[in-house]
Each structure stands twice: as C-alpha cells, then as structure tokens.
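Beneath this line is the structure, given in structure tokens, with notes to follow.
The values are calculated or read from the model by the stated rules, or taken from the named source; none is laboratory data. What you are looking at is a predicted structure, and each value in this text was computed from that prediction instead of being measured. Using ideal geometry, Cβ is built from the backbone for each residue, glycine included, and neighbour counts are taken over all protein chains shown.
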Amino acid sequence: MTSPDPVSARLRDYDLDDLRSRVLPERGGEVNDSIPQLADADPDLFAIALAASDGRVRRSGQSTTPFSIQSAVKPFLFALALHDTDGDALERVGIEPTGEAFDAIKLESGTGRPPNPMVNAGALLTAALVAGGDVAARNDRILRGLSSFAGRELHVDEEVARDEHALGDRNHALAHLMRAEGTLEVTADDAVEVYARACAVRVDVEALAVMGATLACGGRNPVTGEQVVSASVARDVVAVMATCGVYDGSGRWMRSVGIPAKSSVSGAIVLSVPGVLGAAVMSPPLDRQGTSVRGHIASGLLSRELGVHVFGVGDTVADRDGACPVGDHDDA
Ligand code: GLN
C-alpha cells in the first residue's frame, strides 16, 4: 500500500496568504542603513514564495518587487566557486561557524583562510575563485551562473553595486587582510568589486525561491531542468548553509526553523529543504543578527506547518492557535 507523500499533500493545500497575514502585524526589527538603497526600503514590504521540487511556484505578497540579493548570494557564489575550481575551493575557505557578525574582521587562526563562505570574508574569497581571467569575465560568469540558478536572466542594480563598493570599508579591510595572509590571489579592490556586484544583483522572491529550490534539488533547476551544479556541490553548499547561513544566529535558527537558509541585510532569506522545496521570504526589518524578523517567524511557521524541519520527527505540524513567536523568537 502506498500512502501519499505527506509533505507534497500539505504543500498543495497550504495557504501562503494566510501565513503572510498572520505574520504581517509583527513590527519588530530595524531596516539596515549601510547604503541609501537599503535604508530607503519599505518596512511593510513582505513577500513569500515557495518553489517545489516539481517546479511549481507559489507566492504571496509583493512577489515581483525587486530588491538586491545581498548576502543571500553567498551560497550561490560558494556553489559556483566549487564548480569552477573542481572542489578546490574547499581547501581555500573554512566551513566552521564563527559565532560572530557577518562582517567580523577575523580569519581562521593558523591558516589565514576565511572562516566559512557565508560570512563576508568567505564570500569575498569564493567570488574571487569563480572562473574568469579578470574582473569583467568573473562578473559575467557570476551573473550568468546566478541566472541559471534562478531560471531567468538577472541584472545588476548599478547604483547598489557602486555604493557597496564605495561604502564597504569593512569588506576592503577583509580583502586586504586576506592579501596580507596570502589567501586572496586577486587584488583587494578587484575582490571587493566582484563581491559588491554580486550583492547588487536584483531578484524578487520568486527568483530567489527557485534559486533555493535548485540547491534543494541536487543542483538541478526544477523549473528549467538545467543542471546548474553537480549534486555533490549542492549538498556541500546546503550543509554549510545549515551550520553557518544565519551567522551568529545559526544555532537558534536551526533549532526553531530547521531549514538550511541564508539571511541578508536586504531582509531576504533563501531557504532550501533538501529534496522538497526552495523558499524565499522578504521583509526588510532585521533583528540583531541581521535576520529579517518577519522572515524568521514566517519560516518557523512554514517549517512546522509543512512538517519540513529537517530534524523534526513526529512533531511537525504546528497548532495554528499557538502563540506567534515575536521579538527574539527564542521560543519559536
Ligand atoms: N553587501 C553586504 C555587505 O557586504 C551584505 C551583507 C549581508 O547581507 N549580511 O556588507
């Protein structure tokens, strides 16, 4: 006797608009103001998209409103670097969580490598490892690679790229430190330029959900069918998202949400449930770790209600009348 797959059945019936309206009243968090374009973000923007492994995409809220991808690009830079270096990138960057902020000026002790690819130091390095003889070629390869993950042609927000490069003093500092340690082979300025441009790629939640789904589906885009990276690259990337993707909030996130994910200062979060779905949530106000407050709450509810917490066995579907976790969501 074959019983229907409970996750796909729940996914089919899941009311994403209802989830959004339950979380929308949450007012916690602050919008990031590191560059003018982020400071100007609408705090009421709140969009969610799910991309299932069968290629079906579901959405709620302002799902086609564009925003810069920011740190949600880091898993994909790691994926492209692993692909283009035939795995050698794993020798060049650590994979241990830091327990520190995303832009901490710190390298792995003893090796001078960045601690992991999900913090800024690591992403500066993985972006520099993507194939291309110069900055223009690497930028082009990254944009094409990200477009394959998304299943549509993506573009760079030139203003954001310029400001990220001009105002990213900590990123310049990190790149110089890696030069001094001998771990970064391109010039510091070239590294920051490529990374800043990657952070400035414009997406919406639909594109980001499909990107997450491509990682969740062993590197194969479930909408276009393109094998963007190998299954082993996708597995490595999702594993590191699970341990490092939410910076110094990664442990709390993994307990309460239980889905490998990457947060970003724009307020977007990309999620990958291996074998099942990708998702993206976007809401600009952030908590102290730089994670979208509504995004965290919505991801936790989604995880429990769909029963996709990767460590949840027999304790998956939430009581919808239960309290919606607020503030620091320690009890989420
Ligand atoms: N572009 C931002 C930076 O490098 C990205 C940081 C983030 O989203 N956490 O500082």
Check: Restricting attention to the stretch 57-95, and to residues there that are over 17 Å from the mean Cα position of the chain (by Cα) and among the charged types (D, E, K, R), which single residue is nearest to the ligand (Cβ to nearest atom)?
Finding: Arg92
Check: If Leu24 satisfies every condition in (1) more than 25 Å from Cys217 (Cβ to Cβ); (2) among the aliphatic types (A, V, I, L, M); (3) modelled with pLDDT under 95 but one, which is the exception?
Finding: (3)
Next item on the list: Test Ala242 against the criterion of being under 23 Å from Thr291 (Cα atoms) and touching a Pro at 6+ places or on another chain (Cβ under 7 Å), and give yes or no.
Entry: yes
Check: Is it true that some residue in the stretch 179-190 is surrounded by 22 or more Cβ atoms within 10 Å (Cβ to Cβ) and assigned to a helix (DSSP H, G or I)?
Finding: no
Next item on the list: Read through the list (1) under 26 Å from Ala136 (Cβ atoms); (2) in contact (Cβ under 8 Å) with a residue 24 or more places away in the chain; (3) outside any loop (DSSP other than H, G, I, E, B), then give the number of the only condition that Val229 fails.
Entry: (3)
Item checked: Candidate set: the stretch 110-124, residues that are over 15 Å from the mean Cα position of the chain (by Cα) and of a type in the set (Gly, Ala, Ser); chosen: the one surrounded by the fewest Cβ atoms within 10 Å (Cβ to Cβ) -> Gly110
Item checked: Every residue from the stretch 242-263 that is of a type in the set (Lys, Arg) and within 19 Å of Pro115 (Cα to Cα) -> Lys262
Margin query: Every residue in the stretch 197-208 that is closer than 14 Å to Ser264 by Cα and either crowded, with 24+ Cβ neighbours inside 10 Å or among the acidic types (Asp, Glu) (or both), please.
Written below: Ala198, Cys199, Ala200, Val201, Val203, Asp204, Val205, Leu208
